[in-house]
Amino acid sequence: MTTLTLIGKPGCHLCDDARAVIDAVLAERPHVRVDERSILDDPALAATYAEEIPVVLIDGRQHSYWHVDAARLSAALDAAATV
């Protein structure tokens, strides 16, 4: 199973936009598990990603930050499913 992690924080409009794209892309990919994490709850995440949120990781590897492109995310998730 592929894991997609969305790192953001409450009240972040870019995070809300990313979540909407992710939800649309994942509607056709039941094999993807979503883990949403907030930089407000984890000092290590805040130190690493505070200036880049939202950040999307696929199986622990950074895929994108600030903006999530649906086509690029779809391709990356499909590739991850075949590994």
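The values are calculated or read from the model by the stated rules, or taken from the named source; none is laboratory data. Computed from a predicted structure; not experimentally measured. In this analysis, Cβ positions are derived from the backbone assuming ideal geometry, glycine residues included, and neighbour counts consider all displayed protein chains. Note: accessible area is taken over every heavy atom of the protein model, side chains too, but ligands, DNA and RNA are not part of it. Shrake-Rupley method; radii C 1.70, N 1.55, O 1.52, S 1.80 Å.
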For segment 8-83, the dipole about the Cα centre with charges only on Cβ (Lys and Arg +1, Asp and Glu -1), to the nearest 20 debye, works out at 140 debye
Check: C-alpha center segment 59-79 vs C-alpha center segment 14-55, spacing in Å is 11 Å
HN-Hα couplings for segment 22-35 via Karplus (6.51, -1.76, 1.60; θ = phi - 60°), in whole Hz with x for Gly/Pro, come out as 4, 4, 5, 5, 7, 4, 9, 9, x, 7, 9, 9, 10, 10
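With a probe of 1.4 Å, find how much accessible area the chain has per residue, and write the answer as a whole number in Å². Working shown, then result.
Working: 4910 Å² over 83 residues.
That works out to 59 Å² for each residue.
Using a 1.4 Å probe on the protein heavy atoms, what percent of the accessible area of segment 5-70 belongs to carbon and sulfur? Present the calculation step by step, with values, prior to reporting the outcome.
Details: 2020 of 3930 Å².
C and S atoms contribute 51 percent here.
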Amide H contacts under 5 Å for Arg37, restricted to residues at least 5 apart in sequence or on another chain and with H modeled in the peptide plane, are Leu6, Ile7, Gly8
Contact order relative to length for the chain, counting C-alpha pairs under 8 Å separated by 6 or more residues, stands in percent at 41 percent
Ranking Thr48, Thr82, Thr5 from most to least accessible area with a 1.4 Å probe gives Thr82, Thr48, Thr5
Taking only Cα atoms of the chain, the Rg to Rh ratio with Kirkwood Rh works out at 0.95
Length gained if Glu51 through Ala71 is fully extended, taking 0.36 nm per residue and subtracting the Cα-Cα distance, is 4.8 nm
